[in-house]
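Asks: After the structure tokens below, expect a handful of questions from me.
No lab work stands behind these numbers, since they all come straight from the coordinates. What you see is a predicted model, and the numbers here were worked out from it, not measured in a lab. All Cβ positions, glycine included, derive from the backbone under ideal geometry; neighbour counts span all protein chains shown.
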Protein chains: 2
Amino acid sequence: MTDRIRVGIVGYGNLGRGVETSIGLNPDLELVGVFSRRDPLSVTTASPDTKVYAIADLGDFTGSVDVLILCGGSKSDLPEQTPELAANFTVVDSFDTHAKVPEHFAAVDAAAVAGGNVAVISTGWDPGLFSLNRLFGEAILPQGNTYTFWGRGLSQGHSDALRRIPGVAGAVQYTLPSEDAIGRVRAGENPELTTREQHDRECFVVLEDGADADLIRETIVTMPDYFEPYDTTVHFISAEELARDHAGMPHGGFVFRSGESSPGVTQTIEYRLALDSNPEFTSSVLVAYARAAARLAAGGAKGAHTPFDIAPGLLSPKSPEQLRAELL
Amino acid sequence: MTDRIRVGIVGYGNLGRGVETSIGLNPDLELVGVFSRRDPLSVTTASPDTKVYAIADLGDFTGSVDVLILCGGSKSDLPEQTPELAANFTVVDSFDTHAKVPEHFAAVDAAAVAGGNVAVISTGWDPGLFSLNRLFGEAILPQGNTYTFWGRGLSQGHSDALRRIPGVAGAVQYTLPSEDAIGRVRAGENPELTTREQHDRECFVVLEDGADADLIRETIVTMPDYFEPYDTTVHFISAEELARDHAGMPHGGFVFRSGESSPGVTQTIEYRLALDSNPEFTSSVLVAYARAAARLAAGGAKGAHTPFDIAPGLLSPKSPEQLRAELL
């Protein structure tokens, strides 16, 4: 495949913008344009060269786009868009509602098979790279435990909960993996841990004028479900500090598999992501899987796939010969 | 595939013994037996139930073995055995001479294609899992650097160099990843590092009676190529301590990919193995790839494969539906 793979972006929020940037780092990919539900004239892209079209005009592009990267949300966009577009295009999404993956897969598979197209769902890092590491860990060390830790990362739901407290002018909340729990797992202790024991919570709060800091701290750390079960730290900061230091969307986490290959012989696999930008990293993964999807489609494959179904070599622009010589 | 996959082990050293143990942890696999160049009666297996046959009798098993796991060495065994056996069997090996992978692949592929069989080469952890992480890192973060660190792990070649020094009664050498270098990579500095800067060396030495410890320490730390270029620590211990504390074969290491998804936005992927037993872990990986090889063969695939060519889902005993529901 010496021709460039022609890619369309559907939806232009943080994820779509990240995909636009990522395509610019991959010389074997060519960005056809962004397809938006908004008025194209109202969409300002990262690069002034990026073309913007109305999503309603996608039908004109069936012959000039090799793969669409779907950048909508998992709650309401992707459950409709992925099956709908898989009927006519090779598509990739980052659907991340774990509990609804089987349902989404079935709907997308039916549409993709009927249309004779390839669809890759649930790429990204969790689901995605973390899922792959859970699978490898379990397959290689069948006698053992898998641990997934998230963070340090911004949690939108918990940040919202802080902002609803009277007297709070602004706030963000980071989920942190518990250092103590990680230490025990890394040491091969194979502890029994709940998600709560694995995570701590750190809050950065801007007070309204005259608000009672002690009362607000107490309201936070005793809030049921959200903060009470966790080791929660509260920092009060200024509005300037909030804007300056907490505008990014860092995230990441760990997947551990710790098991015994024979009695008393412990083997530990650790996979860690430390991400300055959660959406940009997810975008980077989407783009690599878009390459794989286009290649699968060119090879005659059909139907829905997940990262579990895709040979890793398809993600790389390098040929199999190059990969074996340079990276094996 | 509800029937168990029938596996044969070719060669019975540390790796073959590890494979034998690992098969016992995988209920979907059945061990047909060990095939050895030695007199079968002279081979004592980990389990008394394991059958041992002469490798010369392998021809009788073409219909009763689904996959052979080749546990010989990369220097002289596998370059001959893998192509030879791929002519008549589905085979998996852990060929680990990086520079000779293309040559080995070509020889094995020719034999496997001619015989209509599947061969999977260079499984294990490096090559193998580390290679996969180098590939994923590069494909997802095209603008960045990849770092491979090995250790803490026993190095046979460096241990031998110590034992050749007059006055040394016994010794082992561990290669250690440099904590300083790892810290710089983890912090996203993207430093330029040579393999030497990435590793330290730790020696445990038993002196002969009357040997001069200071002289031997000096001989070690100034030894060209082996120790002089590295930060080398020498510990003198007793023969009892050597036998008690240094009989294992621990190993492991790290693969890092650190890159920018846009200017100033650093993303870091870290993969770490901490292994109590290098051969047992390699064996565990071989066994998971044996499952994949048998499934590829059952699906009609032919020719040589590496871990780059194998969809991760094939490694797991779980069905695609189960994997999507439980691990994605």
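Asks: Determine the distance separating the Cα centre of the range B:161-177 from the Cα centre of the range A:97-153; give it in Å without decimals.
Replies: 47
Asks: Considering only DSSP beta bridges whose two residues both sit in the protein assembly as shown, what percent are antiparallel, to the nearest 5?
Replies: Counting DSSP beta bridges with both partners in the protein assembly as shown, the antiparallel share is about 55 percent.
Asks: I need the calculated FRET efficiency for the pair B:Arg164 and B:Ser319, taking r as the beta carbon distance and R₀ as 41 Å, to the nearest 0.05.
Replies: Between B:Arg164 and B:Ser319 the formula returns 0.15.
Asks: Which cross-chain or sequence-distant (5 or more) residues have an amide H under 5 Å from the amide H of A:Met249, H modelled 1.01 Å from N in plane?
Replies: Under 5 Å from the amide H of A:Met249 lie the amide H atoms of A:Asn278, each far enough along the sequence or on another chain.
Asks: If you don't mind, another one. Could you work out the relative contact order of the range A:35-146? I mean the mean sequence separation of Cα pairs under 8 Å and 6+ apart, divided by the number of residues, in percent.
Replies: 19
Asks: Give me A:Ile220, B:Ile121, A:Ile182 ranked fewest to most by other Cβ atoms within 10 Å of their Cβ, as a rough exposure proxy.
Replies: A:Ile182, A:Ile220, B:Ile121
Asks: Using the structure shown, list the pairs from B:Lys51/B:Lys318; A:Lys100/B:Lys302; A:Lys100/A:Lys302 with a Cα-Cα distance above 30 Å, or answer none.
Replies: Result: A:Lys100/B:Lys302 exceed 30 Å.
Asks: Could I have the simple spin-label model distance between B:Glu80 and B:Glu103, label points 7 Å from Cα toward Cβ, reported in nm to one decimal?
Replies: Label-label distance for B:Glu80 and B:Glu103, simple model: 1.6 nm.
Asks: For the range A:129-276, how big is the tail of P(r) above 22 Å, as a whole percent of Cα pairs?
Replies: Roughly 47 percent, rounded to a whole number.
Asks: Further question on the same structure: By how many degrees, between 0 and 90 and to the nearest 10, does the Cα long axis of helix B:278-298 differ from the longest principal axis of chain B?
Replies: With both axes taken from Cα atoms, the answer is about 20 degrees.
Asks: What is the antiparallel percent of DSSP beta bridges lying wholly in chain B, to the nearest 5?
Replies: Bridges in chain B that DSSP calls antiparallel: roughly 55 percent.
Asks: Could you run the Karplus curve 6.51 cos²θ - 1.76 cosθ + 1.60 with θ = phi - 60° over the range B:231-247 and give me ³J(HN,Hα) per residue in whole Hz, x for Gly and Pro?
Replies: Using θ = phi - 60°, the values come out as 6, 10, 10, 10, 10, 9, 10, 8, 4, 5, 5, 4, 5, 7, 9, 10, 8 Hz.
Asks: Moving to a separate point now. Taking springs between alpha-carbon atoms closer than 10 angstrom, which of B:Tyr226, B:Tyr289, B:Tyr147 fluctuates most in the Gaussian network model of chain B?
Replies: B:Tyr226
Asks: Another question, if that's okay. Amide H of A:Ala311 versus every other amide H placed in the peptide plane: which residues, excluding those fewer than 5 positions away on the same chain, fall under 5 Å?
Replies: Hits under the 5 Å cutoff: B:Ala311.
Asks: In debye to the nearest 20, how big a dipole does chain B give about its Cα centre with +1 on each Lys and Arg Cβ and -1 on each Asp and Glu Cβ?
Replies: 940
Asks: If you don't mind, there's one more thing I want to ask. Counting partner chain Cβ atoms within 10 Å of every residue's Cβ in A:317-326, what's the average?
Replies: 5
Asks: Along the charge dipole of the range B:1-106, Cβ charges K/R +1 and D/E -1, which of B:Ile9, B:Ala56, B:Thr21 sits furthest on the positive end?
Replies: Projecting each Cα onto the dipole axis, the largest value belongs to B:Thr21.
Asks: Under a GNM of chain B (C-alpha, springs under 10 Å), which listed residue has the highest mean-square fluctuation: B:Gly248, B:Gly210, B:Gly18?
Replies: Comparing B:Gly248, B:Gly210, B:Gly18 in the GNM, the peak value goes to B:Gly210.
Asks: By DSSP, what percent of the beta bridges with both residues in the range B:20-176 are antiparallel, rounded to the nearest 5?
Replies: 30
Asks: Now for a separate question. Would you kindly compute the Cα radius of gyration of the protein assembly as shown and its largest Cα-Cα separation (Dmax), both in Å?
Replies: Reported Rg and Dmax, both Å: 27.0, 88.
Asks: Counting only C-alpha contacts under 8 Å and six or more residues apart, can you give the relative contact order of chain A as a whole percent?
Replies: Working: 636 pairs, mean separation 67.9, N = 328.
Across chain A, relative contact order equals 21 percent.
Asks: Find every distance from the label point of B:Glu179 to the corresponding label point in the other copies (7 Å from Cα along Cα→Cβ) and write them in nm, one decimal, shortest first.
Replies: The projected label point of B:Glu179 is separated from its counterparts by 1.5 nm.
Asks: Of A:Leu242, A:Leu129, A:Leu315, which has the largest mean-square fluctuation in a 10 Å C-alpha GNM of chain A?
Replies: Largest GNM mean-square fluctuation: A:Leu242.
Asks: I need to check one value: relative contact order of the range B:129-276, counting alpha carbon pairs closer than 8 Å and at least 6 residues apart, in percent. Mind dumping the intermediate values first?
Replies: Working: 283 pairs, mean separation 47.6, N = 148.
Relative contact order for the range B:129-276 comes out at 32 percent.
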